[in-house]
1. Evaluate the charge dipole of the stretch 207-318 about its Cα centre and quote only its size in Debye, nearest 20, assuming +1 on the Cβ of each Lys and Arg and -1 on the Cβ of each Asp and Glu.
2. For semi-axes √(5λ) of the Cα gyration tensor in Å, one of [x] 35, 23, 19; [y] 27, 23, 20; [z] 30, 25, 18 was computed from the structure I shared and the rest are decoys. Which label?
3. Highest GNM mean-square fluctuation, the chain, Cα pairs closer than 10 Å: which of R217, R264, R102?
4. Could you tell me how far the Cα centroid of the stretch 214-238 sits from the Cα centroid of the stretch 93-169, in Å?
5. Place a point 7 Å from Cα of A138 in the direction of its Cβ. Which residues in the stretch 52-74 have their backbone N less than 16 Å from it?
6. For the stretch 23-175, which whole percent of the accessible surface, found with a 1.4 angstrom probe, sits on carbon and sulfur atoms?
7. Quote the charge dipole size of the chain about the Cα centre in Debye, to the nearest 20; the model charges only the Cβ of Lys and Arg (+1) and of Asp and Glu (-1).
8. Apply the a/c threshold of 1.5 to the C-alpha gyration tensor of the stretch 215-282 and tell me whether it is rounded, prolate or oblate.
Amino acid sequence: MPVGADGLPGTAEREDTGSTGNAGNAGDPAPPPGLVVLGHFDQPPGYGVNRPHGSASWLFTWTTAGRGRLWQGGAQTSAGAGDLVVLAPGVPHGYAVEPGARHWRFWWAHCQARPSWAAWLRPYDAGAGMYVVTSAPAGVHGRVGTAFRRMHADARWTGTEATPDASPPDGQVAVAHGSAARELALCALEEIVLLTTAAARPATPHPGLDARIRRARELIDADPGAPHTVRSLAGGVALSPSRFAHLFSRQLGQSPMRALREARLRHAARLLESTDLPVERVAAASGFVSPFHFNRAFRERYGAPPGAYRTMHGGSPG
């Protein structure tokens with residue numbers, strides 16, 4: 001569905017039109033969780049988006065010309081043509097035209113990432129939930145652009161007529177309405193993520209990330225359902241709990257317990273997609289003691305309760 005930037009539903013209404021300044025503390029709004037929203041813009045100097053509280057959905061950007069600068073938590077990067085930068089939800093972030101650049105032309109897409117993408121993105125982790133793929137060969141750039149145009153067309157499909165042509169979007173923002181349009185759009189984005197991550201060469205691990213914090217993050221990712229605490233994670237990397245919590249938050253832009261909660265929700269989503277475990281067992285296997293708390297947290301992150309998410313993503317009812 002093509003709409004103008006002022007026609008998006010709810011808090012999506014200003015998405016990626018950006019601003020040249022934001023006097024309030026709330027920052028620029030982002031689309032509500034559960035939507036697939038995307039567009040292609042060519043922005044001049046002075047354009048920028050600032051979200052002090054992050055977004056409830058993932059943000060994917062693919063630069064086609066000019067340069068942009070993106071930051072998330074304590075991580076930041078500069079993006080040029082052929083760079084894919086992905087920002088995970090729940091961490092303060094922002095992006096703007098690179099200082100000194102004449103413009104920034106880029107695709108952007110907000111959605112809930114499929115859990116299977118995590119393994120493809122992990123080698124490009126720059127810290128704080130930012131993933132930077134900067135070495136995709138030029139030979140795949142054209143196909144990535146084609147996939148984004150198809151994603152834009154699929155998101156506009158009503159389901160009752162022929163799919164729209166995958167023509168240049170001319171600044172239109174597309175919002176996928178209906179499960180078919182949403183899944184088709186996500187299939188195109190999956191192709192983009194696979195093309196770029198499979199063809200690129202992972203960069204050296206983020207040089208500013210303390211090895212002890214990297215190890216703590218690995219402990220969380222390896223077994224998110226374990227009864228981790230700040231004290232246990234700190235002990236695993238030979239730091240005091242207070243020093244560990246401070247260093248973790250400073251370097252990754254979120255507290256250890258917030259990072260653990262996000263890892264548990266990603267794990268739960270993978271289980272819902274790939275198993276027929278009852279929702280209560282998914283909650284327990286993902287480290288949630290209370291099914292009620294799990295349902296509430298999952299709905300906040302993915303825009304749907306666990307049972308509905310499983311139905312949308314092809315799993316068996318649980």
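The values are calculated or read from the model by the stated rules, or taken from the named source; none is laboratory data. Worth saying up front: this structure is predicted, and the values here are computed from it rather than measured. Cβ sites come from the backbone with ideal geometry, for glycine too, and all protein chains shown count toward neighbours. Please note that ligands, DNA and RNA were not included when accessible areas were found on the heavy atoms of the full protein model with its side chains. Shrake-Rupley method; radii C 1.70, N 1.55, O 1.52, S 1.80 Å.
1. Numbers: 17 positive and 9 negative charges, 76 e Å.
Here the stretch 207-318 has a charge dipole of around 360 debye.
2. Read-out from the structure maps to [z].
3. Sorting by GNM fluctuation, first place goes to R102.
4. For the stretch 93-169 versus the stretch 214-238, the Cα centre distance is 32 Å.
5. Of the residues in the stretch 52-74, 64-66 have backbone N under 16 Å from the label point off A138.
6. Numbers: 2890 of 5520 Å².
It is 52 percent, rounded to a whole number.
7. Numbers: 31 positive and 25 negative charges, 212 e Å.
Rounded to the nearest 20 debye, it is 1020 debye.
8. Details: a/c = 3.04, a/b = 2.31, b/c = 1.31.
Since a/c reaches 1.5 and a/b is larger than b/c, the shape of the stretch 215-282 is classed as prolate.
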